[in-house]
Each structure stands twice: as C-alpha cells, then as structure tokens.
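Comments concern the structure below.
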Amino acid sequence: MPATHRALRHAFVAGVQVTDVQTGKETAAHTEDISAYGCFIETFTPFPADTSVKLRITHDGQHMIAHGRIAYSRPKAGMGVAFMSFEPSSHAILDEWLDDLRR
C-alpha cells in the first residue's frame, strides 16, 4: 500500500545526517522532498520502519534539527521520515524553507 502524506510535499534537496537514537548509528544522505510533517531521504541503506531518529538537515547555510520516526523504508532507495519534534528555532527554519518553496 503506498504511503499517504498529510501535507503537500515540495521537491527539496538538502544534506541530512540521520542518527538512530537507540544505536547511535549515523548515515549521511540527502532529502528528496519535504513538508511540514516529514521528508523523504534518499539513501542506499535506509533504517527500518519505526526507528526513532535525529535529523540534522542543512540547506543554504542553515541547520534544522528534528526528531522523527521512520514511517516507511524502501531498500536501496530511501526512507520516509515523520517529524515528531524540533529543537528550539528549528521549526522556524523549516517554516522559512517551506515559505520559499511555495513561491
């Protein structure tokens, strides 16, 4: 069954560091798209669904840090991440990015 999304996703390529909160395993990749509720991360080695992760997304010199959960995982393709919470000031950065993408 295909994943459904709560909000319009925008094409958005940015560097991202993803850390498995439980094991500390890290992977560097990039986003493919983003919305107010999550993003898709292209990676050859995605984490399994339901993994709790910390994300550091970097775009145009700004860093957004969020905590999330892997909503779905596609082997050798990537993973969909649902945002669960944001570090202070990070939600404002995401809003700014989304405002720019809507223009």
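The values are calculated or read from the model by the stated rules, or taken from the named source; none is laboratory data. As the structure is a computational prediction, the values presented were derived from the model and not from experiment. Cβ atoms come from the backbone with ideal geometry, glycine included; neighbour counts cover every protein chain shown.
Let's see how each residue does on (1) part of a strand (DSSP E or B); (2) over 13 Å from Ile41 (Cβ atoms); (3) touching a residue at least 60 places away in the same chain (Cβ under 8 Å):
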| position | (1), (2), (3) |
| --- | --- |
| Leu55 | yes, no, no |
| Ile65 | yes, yes, no |
| Gly68 | yes, no, no |
| Ala71 | yes, no, yes |
| Phe83 | yes, no, no |
| Pro88 | no, yes, no |
| Ala92 | no, yes, no |
| Leu98 | no, yes, yes |
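Can you tell me how many residues within segment 55-64 are surrounded by fewer than 17 Cβ atoms within 10 Å (Cβ to Cβ) and at negative phi?
Keep residues of segment 55-64 that are surrounded by fewer than 17 Cβ atoms within 10 Å (Cβ to Cβ), which gives 58, 60-63.
Subset that is at negative phi: 58, 62-63.
Residues meeting the conditions: 3.
Quick one: how many residues across segment 8-53 are of a type in the set (Val, Ile, Thr), within 22 Å of Arg102 (Cα to Cα) and in a strand (DSSP E or B)? Spell out the reasoning first.
Start the filter on segment 8-53 by keeping residues that are of a type in the set (Val, Ile, Thr), which leaves 13, 16, 18-19, 21, 23, 27, 31, 34, 41, 43, 45, 51, 53.
From what's left, within 22 Å of Arg102 (Cα to Cα): 13, 16, 31, 34, 41.
Then keep just the ones that are in a strand (DSSP E or B); that gives 16, 31, 34, 41.
Number satisfying all stated conditions: 4.
Of the numbered conditions (1) part of a loop (DSSP other than H, G, I, E, B); (2) modelled with pLDDT of 95 or more; (3) basic (Lys, Arg), Lys76 fails exactly one; give the number of that condition.
The single condition Lys76 does not satisfy is (2).
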